[in-house]
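Notes follow the structure.
The values are calculated or read from the model by the stated rules, or taken from the named source; none is laboratory data. If you're wondering where the values come from, they're calculated on a predicted model, not measured in any experiment. Note: ideal-geometry Cβ built from the backbone for every residue, glycine included; neighbour counts use all protein chains shown. We work out accessible area using only protein heavy atoms, side chains counted, and drop any ligands, DNA or RNA first. Shrake-Rupley method; radii C 1.70, N 1.55, O 1.52, S 1.80 Å.
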Amino acid sequence: QVQLVESGGGLVQAGGSLKLSCAASGSIFSISVMGWYRQTPGKQRELVATITSGGTTNYADSSRLTISRDNAKNTVYLQMDSLKPEDTAVYSCSLRDRRGIYWGQGTQVTVSS
């Protein structure tokens with residue numbers, strides 16, 4: 001029903017910034033929650049941030065993150081600043097609507113010390 005493709009990951013030095021993008025395609029409902037999660041080996045996938053179609057945001061830690069959404073483009077963004085080595089993970093985009101939850105393949109973020 002929905003396909004999600006992430007981009008913007010890569011290698012960055014500690015203290016640097018990255019902006020991730022996630023473009024959704026397919027059957028998109030007007031009411032949905034899009035978000036970012038991250039996962040490392042041996043750890044459960046954890047919430048980074050979410051944003052509703054109306055613009056309401058939630059963050060696990062808002063001090064270094066900004067999530068935004070362009071409904072016209074069906075795209076969600078995650079601005080990450082002051083990155084730390086412990087931020088290294090696969091970051092996955094999600095979309096949740098009345099039908100269920102959809103996941104992208106993920107994009108690797110590596111922060112070097």
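The length gained by stretching the chain between Trp103 and Ser7 to full extension, at 0.36 nm per residue less their Cα-Cα distance, is 33.2 nm.
Here Lys84 is the anchor, and the lysines within straight C-alpha reach of less than 26 Å, apart from those fewer than 8 places off in the same chain, are Lys19, Lys43. DSSP beta bridges fully contained in the chain are about 90 percent antiparallel. With all protein chains in place and a 1.4 Å probe, the accessible surface of segment 62-112 carries 44 percent carbon and sulfur.
The charge dipole of the chain, taken about the Cα centre with unit charges on the Cβ atoms of Lys, Arg (+1) and Asp, Glu (-1), comes to about 240 debye, rounded to the nearest 20.
A simple spin-label model places pseudo-atoms 7 Å from Cα toward Cβ; at Lys19 and Ser53 they are separated by 2.5 nm. Applied to segment 86-93, the Karplus parametrisation 6.51 cos²θ - 1.76 cosθ + 1.60 on θ = phi - 60° returns per-residue 3J(HN,Hα) values of 5, 7, 4, 4, 8, 9, 10, 8 Hz, with x for Gly and Pro.
At a probe radius of 1.4 angstrom, the accessible area of segment 26-87 per residue rounds to 57 square angstrom.
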